[in-house]
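The structure appears right after this line, and notes come after that.
What follows draws every value from the coordinates through simple rules; no lab data is involved. A quick note: this is a predicted structure, and the numbers were derived from the prediction, not measured. Ideal geometry is used to build each Cβ from the backbone, glycine not excepted, and the neighbour counts take in all protein chains shown.
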Amino acid sequence: MEHLHARHIPAKSLPDPLLDAILAHSAEGIVVLDTSGRVQECNAVAARLCGRSSRDLIGRDWTGLGLDEPAREASPGPGESEPGLARSPAETGASPTQPIETRHVLRNPDGRAVATLVFLREAGSGETNHTAMTREHALSEALRALRTSHEQLKNAQLQLIQAAKLESIGRLAAGVAHEVKNPLAILLTGIQLMQRRSKDPDTLTLLGDLEDAVRRANVVVVGLLDFSASVELKLLPVDLEAVATDAMRLVHHEVERRRIQLRWEKATPMPCLKIDRMKIEQVLVNLLINAMDAMPSGGELVLRTSVRQLTRAGHGVGFRKSDRLRLGQTVAVFEVEDSGTGIPPDAFWRAFEPFFTTKPAGKGTGLGLAVCRMIAELHRGSVWLENRPEGGARATLWLPAGEAQKGEPQ
Amino acid sequence: MSKPRILLVDDEPAFTRVMRTYLEDTGRFEVRMENDPTRVLPAAREFRPHLVLLDVIMPDMDGGEVAAKLKADPGLKDVKVVFLTAIVSKEDVSKHGQVIGGRPFLAKPVDAEALIARVEQELKAA
């Protein structure tokens, strides 16, 4: 996250309406505290990040804002005060006439800062002076936010380009599938014909290898077809526990074969939501199989289901209109945890790219997670991977679970 | 008792050749192949197949049209049709229950023994 420094424009030189407009449209949350630590002003973004209305925030002591760790962590920027809003100017070494500024940075699971809640605390004396100083800081914050917004727009543009590439892959898939599957059909039938006619063990071994190769190639093509077919949803009210049960049943055989301990932790009862049952089941099965593949010598696999409010920013999770999921929104959560070796750092960002795989040749098409993300996003949800501090990885699927998504099972 | 007759329709000659050889090798079927979908009707009138294995995507006329023409012909309307198609995903297979337009289909590349099992199932139901 980029910080903007240096340009201190005297707040007094700007008309108040302009300053207010900048504050109102700032992408960062800004809270102004008085000398006793009470909220004097705040913008709409700050109110949303705190999960309250602006009116509710005004006059409230900052310690009562309910900023929970680790969702929001204090982090000073260059030249800023140390974290801890309760500290006095004397403690921070700030001049009595200098406002104190502290920021809480909201981070996504990989630690990238995605939003900042800025607290400006007015200094001890000279009301006119310190109000002007505070406004100057607020203006500085607004400019910083503009720079941040610019960066985010550039990132959004890159994501759009990526999305366009994925759409092209989808369009090409059916054509490619037809052109590749026909030759595969000739090869497979030919190989099976020779197997039928041959009695020589060496020849039969070689033909078996050829047949495996053809089947592997077909798995890639079928993956492409599934990838391109994932754009239409058939939404019906479905009990999410039933979907999880079906997914567990589908992987049951593999779980036993690979000597994996599978446990389902039901943190809360799951709701009935309007989803495409087969596609969500496909996502869960994909995530479970990925987790199993990460534990070649066996291990522990946990599926945890819950309904909760989002408190952490992440892919598609934030506070902007463009975010599919908003902080504070109620979501149905499926977490798949393994006790494997975790995700290599260089694989994090590429894990959801089509054809990217860390599995050995022939073991994965590299399309599984790309399909998972596409399906999650079609449901206005999100899917994310992270390493667990205790070892292994966690894949999380979030689905919006507000009143609009609920329904009675049919 | 004569062997069941199968008409194998696909615009890919290499596929029809190898599949015909496989089916005939089993000794259980009499097979004729046709690579031009516009010639299926006269070929079927002459060969009088019990079952047509029909590719879906073909130039000039697709498998669906060919099946409709067979169905419209009084002498061929009861001939069984099994589609072979290269453009289905796993999702399509489970969604359609292996039936397109009321007809069974198999996804290419098809396992030859699975194809024979499906053919025999259809012939038994005739």
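Data table
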item: Cα-Cα over 18 Å, subset of A:Lys199/B:Lys108; A:Lys234/A:Lys279; B:Lys77/B:Lys108; result: A:Lys199/B:Lys108; B:Lys77/B:Lys108
item: Other protein chain Cβ atoms within 10 Å, averaged over every residue that makes up B:13-19; result: 5
item: Residue order, fewest to most beta carbons within 10 Å, for B:Asp73, A:Asp200; result: A:Asp200, B:Asp73
item: Within-13-Å neighbourhood charge of B:Thr26 [Cβ basis; K, R +1; D, E -1]; result: 0
item: In the stretch B:40-87, trypsin sites (Lys or Arg not before Pro) in a DSSP loop with at most 11 other beta-carbon atoms within 10 Å; result: B:Lys77
item: For A:Thr305, A:Thr205, order by how many other beta-carbon atoms lie within 10 Å, fewest first; result: A:Thr205, A:Thr305
item: Cα principal axis extents for the stretch B:20-80, largest first, Å; result: 31, 26, 16
item: Column: log10 I(q)/I(0), Debye, Cα scatterers of chain B, q = 0.09, 0.13, 0.15 Å⁻¹; result: -0.22, -0.47, -0.64
item: Inter-label distance for A:Glu300 and A:Asp56, nm, one decimal - labels placed 7 Å from Cα along Cα-to-Cβ; result: 3.8
item: For residues of A:176-188, the mean tally of beta carbons on other chains within 10 Å; result: 6
item: For B:Ser2, A:Ser306, order by how many other beta-carbon atoms lie within 10 Å, fewest first; result: B:Ser2, A:Ser306
item: Number of partner chain Cβ atoms within 10 Å, mean per residue of B:108-120; result: 4
item: Karplus-derived HN-Hα couplings along the stretch A:277-288 (A = 6.51, B = -1.76, C = 1.60, θ = phi - 60°), whole Hz, x at Gly and Pro; result: 4, 5, 6, 5, 4, 4, 4, 4, 4, 4, 5, 5
item: In range of the label at B:Glu113: residues from the stretch B:4-34 whose backbone nitrogen is under 19 Å from the point 7 Å along Cα→Cβ; result: B:19-29
